[in-house]
Amino acid sequence: MTDHWTERLSAYVDGELDREERGALEVHLTSCEACATAVAQLRQVVGWAHGYEGKPPKVDVWDAVARGIREREGSREESRHPPKRSGERVRRFVFTVPQLLAAGIALALFSGTAVGVALRAVGAGSGRTVVTDPALLPDEIPLGESFDIDGNDPWTVAVVTQLEEQYAEAIADLESLLREGQDKLDSATLRVIEENLRTIDEAVEQATVALRRDPAAVYLSELISVNLRRKLELLRDAAALVASET
Amino acid sequence: MLINALAGAVLALATPQATDTTFAVEPNARLEIQNMGGEIVVRAWDRDEMRVQGDHSRRTQIVVRRTRSVVRLRARASRGPANIVDYEITVPRSMSVTLSGTYTDIVVEGVEGEISAKTVQGNVSVKGGGGEVYLRSVQGTVTLEGASGRVDAHAVSEDVRITNVSGEIVAESVSGDVLLEGISSGNVDAGSVSGSIIYDGTLQEGGQYTFVSHSGDVALSVPENANASLTVATINGDIRSRFDLEMTRSGSRRRPIFTVGTGSASVEIETFSGDVRFFRPGERRSRRP
Amino acid sequence: MSALASKVGRSSDPLESEAADVALAAAGDGTAFERLYRRHVARINSLAEWMLGTPDTEDVLQDIFIRAWEKLGTFRGQSAFGTWLHRLAVNVLLRRRETDRVRARRYIAHEETLEQAEAPATGPQLWADIETAVERLPQRSRDVFVLHDVVGYKHDEIAEHLGITAGTSRSQLHHARMTLRKHFE
């Protein structure tokens, strides 16, 4: 088709021609079978597009969507938690140990002043771990032996949950120590500590949000883990400082 | 004044406003100082003796506790809390030092043994060191030059600068930068949260290098004849290179892997929003990014 | 069932029951949101596949629906929910595409665009189905066709989103339709 009406056919189908042009085209259509056919076909294309029902994804993603929504609601709930005293920020541990372990991330967890427990996944994704705190091991596994971490194994889950609680507890203990002793600290030091804790918290928050949106970006859990460890170190420094001033 | 060594001896040094005393020590012993405030400067000489110089108030004494393997220095006040002491210690070169303070700048020069230097408010500046070198400051810079051995350097709000060092390195800051130059190492782990990381050093065959920042940039020097696999993961950062980089098939848009030469060294770079830049040695602008 | 649900009841009119589900979902009813998801996911998935040029849409679909949940409070009912959802999806998809493209472009030191080249005009080919024919359209005209005819944007909106002129948008749309009409001969 080479007549100059061809270019206007889509506009005609979309009702974009002014009255004059539309009239002229309609006159043309009565005598040009090619154009008339084209118009009919274009209408079919448009009709198809309007009514197109779509092709569902190969894998249903509803579960992932629901989980994403729940997590979002959960963290929103946490951040709405009212502070206990004025000026006190509630810092929550927003990433779970099992998730970090599942990503094969080395984690050193400490409980307050205790020596600590090292939980290490030997080889990313291999799921084998070494627990070095005797208090956590059942009698039959000697210290230093590795065992398979299985998300369904109740004992493993219990160990990991306990560690998770200790970690959160350690952070809470230290934060509370810092809070109570903060007037003993030099105000410049306190400010630096708080600013840097905030820097770390923001980084953890950003990475956590990004990881929820994109669980495939596993390296984000490393970023989170490394920063949580830094936070713990900084809190311990601060607590030691408070203790030394007492 | 030379004082003979006595195992387990506790020496309370007299209290003028300055202390200056020298005594014999085992060359491989360790020096331990805990200082609340004031400087700690440790230098090395080739004698099997330790010289302790201190500036402090009249009320303060420097107490030396010694065993065959450890010499401990503490400040003690006759009344109330110990005041500030500025220490200047000279030790046998092979000695190890463990120094900690609160409002304390720490300087160590020429010591070839293990070095541990921690302070809260103050800079840590070390030249030399062998074996294990552990440096930490909360408010202050951490600077290390010319060490060889295993290095572990941490700052919080200021920079970590490591120059001309060989051996394994772990270097971290929270909001400060981590600058590693003239490094000869097969194992480097450098991280910051909001600070930048710059690495200008070797990428050895089979070496492992990890550079992680959250919002800071990572700038890595890649020598022309290097053999390295560079894995980059970033969410919002740009990846820029001053030279052509070939992306291997095993990489993906999300996590590209660039191969240089045989790809022998393994380099992992991770940022969240920081940029990643590759440059040739010597190309970096002198102004810090 | 929540008090709101029982008040709204169940209507046989799909539009009305969709409005009810939207109201319920906005109030926090996850089951109602799942119904909305099921009703629209296929179309959104096709939209994503066409606009990203890949069948790997799982993670972007999650992004889209999670974002829809979060933004549900801003839906005022001035358009059909489907229209609102499609537009939200387009925003997510365009942003995702821009991020991918920007990142890909920067891997190479010298100037080399990774944007898909326009398919050569090889003459009419009849694909197995019209969906494949849409996939095979050159990216620019595919974008315009999908945004105009499937999602319902006007040419000036398309022009703004894609960084082209409205005139280009019109001619690209026409080009796409003329290619696709072969399936209706």
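Readers should treat all values here as calculations from the given coordinates under stated rules, not as data from a laboratory. On a predicted model such as this, the values are computed, not experimentally measured, just so you know. Note that each Cβ is placed from the backbone with ideal geometry, even for glycine, and that neighbours are counted across all protein chains shown.
At-a-glance table
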quantity	calculated
Cα gyration tensor shape of the stretch B:65-209, rounded if a/c is under 1.5, else prolate or oblate by comparing a/b with b/c	oblate
Loop sites in the stretch A:13-75: trypsin sites (Lys or Arg not before Pro), DSSP, at most 13 other Cβ within 10 Å	A:58
Sorted by Cβ density within 10 Å, fewest first, the residues B:88, B:205	B:205, B:88
Which listed pairs, of A:184/B:118; A:231/B:127; A:184/A:231; A:231/C:71, have C-alpha distances above 24 Å, in listed order	A:231/B:127; A:231/C:71
Dipole moment magnitude, nearest 20 debye, the stretch B:83-143 about Cα centre, only Lys, Arg, Asp, Glu C-beta charged	140
Bins of 5 Å from zero: percent of alpha-carbon pairs in the stretch B:128-198	5, 21, 33, 26, 13, 3, 0
